Amino acid sequence: MAGKFELYTDARGEWRFRLKAGNGETIAVSEGYSSKSAAQNGIESVKKNAPDAPVVEV
C-alpha cells in the first residue's frame, strides 16, 4: 500500500495532517491550521516542494 495523508482536527479544534507510510507508521505531523483549506494547502505544499528535498545535517 502507498503512503497517505490523513487530515483531521486535534483536541484544540485545529486542522492538522499527518503523513503515513504504507505500513501505517507516521512519518510526519503538521503544525495546527485554523481552517481545513489551510491544512489542505499545507499538504499540497509538501507534495510540491519536497519530492526531491535534500537531507541536510545541521
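The values are calculated or read from the model by the stated rules, or taken from the named source; none is laboratory data. Small disclaimer: the values here were computed from a predicted structure and weren't measured. All Cβ positions, even for glycine, are placed from backbone atoms using ideal geometry, and neighbour counts span all protein chains on display.
Some points to look at:
- Tallying residues that are surrounded by 14 or more Cβ atoms within 10 Å (Cβ to Cβ) and under 22 Å from Met1 (Cβ atoms) within region 17-35 yields 5.
- Residue in region 24-35 that is modelled with pLDDT of 95 or more, in a helix (DSSP H, G or I) and in contact with a strand residue (DSSP E or B) (Cβ under 6 Å, 6 or more places away or on another chain) present: no
- Considering region 36-54, and only residues there that are farther than 18 Å from Gly3 by Cβ and not polar (S, T, N, Q), the residue that is modelled with the lowest pLDDT turns out to be Pro54.
- Residue match in region 36-49 (condition: loosely packed, with under 15 Cβ neighbours inside 10 Å and in a loop (DSSP other than H, G, I, E, B)): no
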